[in-house]
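The values are calculated or read from the model by the stated rules, or taken from the named source; none is laboratory data. Since the structure is predicted, the reported quantities are computational estimates derived from the model, not experimental observations. So basically every Cβ, Gly included, is an ideal-geometry build from the backbone, and we count neighbours across all protein chains shown. In case anyone asks, the SASA skips ligands and DNA or RNA and just uses the protein heavy atoms, side chains included. Shrake-Rupley method; radii C 1.70, N 1.55, O 1.52, S 1.80 Å.
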Amino acid sequence: NDTNWDISTGSKFEIKWIGQPIAKAQEWVELYAKGVQPNFLPPLLEPDPIHQALSEIPFAQTISYKEFARRVGYEGAQRAIGTMIGKNRFALFLPCHRVIRSDGSLGGFAFGPEIKSQLIEHEKLTKN
């Protein structure tokens, strides 16, 4: 099946899914696109505890790098945490885009600040 996902900017993405574990990833993306935070991770992923903690940040909410570092037990290590989650290649499933700077600015993102901004905006606009 093809899934068309319309982000708030009007950009469209076409994703083609094949295989059985991919079916759960497709289900996850379809829920996310509707503004629902899925309560599962696709079986393709086995994240470490820090990346797992990203999936616990509520849909359409943001948290500072400083607060996230504190929550995962590395208080004061926000730069190291930022570097680590900045290399996340599963950003949609492990939502590092929800972690921002303490001053409210976006901070880094592996796929660029425009995509980070679009993901945050999509969540705000579609949250159920």
Practice task
Please list the non-local residues whose amide H lies under 5 Å from the amide H of residue 107, H modeled 1.01 Å from N, same-chain partners needing a gap of 5 or more.
Solution key: 101
Exercise for the section: Let me know the number of lysine pairs in region 20-128 closer than 17 Å at the Cα, not counting same-chain pairs under 8 apart. Expected result: 6
Handout entry: region 54-128, accessible area per residue, ligands and nucleic acids excluded (1.4 Å, Å²)
Key = 55 Å²
Handout entry: Loop GluC sites (Glu not before Pro), region 33-96, which have at most 12 other Cβ atoms in a 10 Å radius of their Cβ (DSSP)
Key = 56, 75
Exercise for the section: Pop out the carbon and sulfur fraction of the accessible area of region 86-127 as a percent, whole number, probe 1.4 Å. Expected result: 55 percent
